[in-house]
1. Just give me the residues in segment 282-337 being without any contact (Cβ under 8 Å) to a residue 12 or more places away in the chain and of a type in the set (G, A, S), in sequence order.
2. For A8, indicate whether it is crowded, with 16+ Cβ neighbours inside 10 Å and in contact (Cβ under 8 Å) with a residue 12 or more places away in the chain.
3. Of all residues in segment 11-55, how many are surrounded by fewer than 17 Cβ atoms within 10 Å (Cβ to Cβ) and polar (S, T, N, Q)?
4. What are the pairs with Cβ atoms under 6 angstrom where one residue, in segment 121-141, is touching a residue at least 12 places away in the same chain (Cβ under 8 Å) and the other, located anywhere, is buried (at least 23 other Cβ atoms within 10 Å of the Cβ) and among the basic types (K, R)? Sequence gap at least six, or different chains.
5. Determine whether S196 is among the polar types (S, T, N, Q) and farther than 14 Å from Q329 by Cβ.
6. Hey, does segment 173-194 have a residue that's assigned to a helix (DSSP H, G or I) and surrounded by fewer than 18 Cβ atoms within 10 Å (Cβ to Cβ)?
7. When you go through (1) basic (K, R); (2) over 21 Å from F125 (Cβ atoms); (3) in contact with an Asp or Glu (Cβ under 7 Å, 6 or more places away or on another chain) one by one for R48, which number turns out not to apply?
8. Within segment 108-140, restricting attention to residues that are acidic (D, E) and not in a helix (DSSP H, G or I), which residue is nearest to A174 (Cα to Cα)?
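Quick note: the coordinates plus some simple rules give every number you see, no bench work behind them. All values reported here derive from a predicted model rather than from experimental measurement. Neighbour counts run over all protein chains shown; Cβ positions are idealised from the backbone, glycine included.
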Amino acid sequence: MTRPLRFAAIGIDHRHIFGMAANLISAGAEFAGWWTEGQPNTQAGFLRRFPDIPRSCDASVLLNDPSVDLILLSGIPRDRAGWAIRAMDAGNDVMSDKPGCTTFEQLDRIKRTVAATGRIWSIDFSERFEVPAATRATELVKEGAIGRVVQTLGIGPHRLNLDSRPEWFFDREAYGGILVDIASHQIDQFLFFTGSKDAEVTLASVANYANPGSPGLQDFGEIALRSEQGHGYIRVDWYTPDALPTWGDGRLTILGTDGYIELRKYVDVGNEGTDHLILVNGDRCDRIDASNAELPYFERLIADIRNRTETAMSQSHVFKVCELALRAQEFAEKATA
């Protein structure tokens, strides 16, 4: 493939589609078109960002367009697996918003489709792939700056914005549960930074503490993970206070045998900007501005589509993140049943 990679979007129900498309364009890809069901409340923001991209009247037109190489999916979470399977069966590679699937049965069908078609099924774990500080942390870990990584501690607080949420947001079967949805980011980071291929879910819980009027919503969740390589603790919630100047104070602490790294990704109260990285080891105790680090996932995925390689993220890693998120969700809901 010598021409630019061309992609299309099916489903724009979640704002993550903005970053998925914009970062691919920045990496040299061309946005060929989009389709979505109805008029989701994200549509106005989408059109402001991509005013010249044509909307198709039929998703099948995009799936069967021989010039389209990659399909982006950011529809209602319960529908993403079905669209991914249709896209791969039509000969397309796929980049999905998280969660890529909401049930074990969906994950099994996706695995079978990947095996049968040889297509790529990737998930844009934006809390790693769209965060420059995570790129710099990756470099520091690879350089041995904190020794062997033995634990990650990831938190993913989000602002609820209750009045602007669509109906599916409050439907457990539609979004998959808070651990399947939000915590997939932190599971990805645990596996990646500890170098784990698998893990045991040793603790998981979900609750609705602040929104009794929306019984389908889970507004708090936590997970503990253990592998041969390390340990992980994850907390996610929908409690971001209105005074915080962004949607959530997402953080990641990476503990090594010789030091630690803390990422204050989106905000650091009292300091301006984003992508604050704190490095402490035997020689350094530094706050680093990591906002200029690159976002290599998108260029690497384009290269993988061209070369049929796995440099952006291995397929087995994607499958394992989804499996662990589903296992944790099941664990938590059985415990509270």
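1. Within segment 282-337, A303, S314, A337 qualify.
2. So A8 passes the test.
3. The number of residues fulfilling the criteria is 4.
4. If the second residue must be buried (at least 23 other Cβ atoms within 10 Å of the Cβ) and among the basic types (K, R), the pairs left are I123/K98; V131/K265; A133/K265; A134/R128.
5. Considered against the rule, which asks whether it is among the polar types (S, T, N, Q) and farther than 14 Å from Q329 by Cβ, S196 comes out as yes.
6. yes
7. Condition (3) is where R48 drops out.
8. D124
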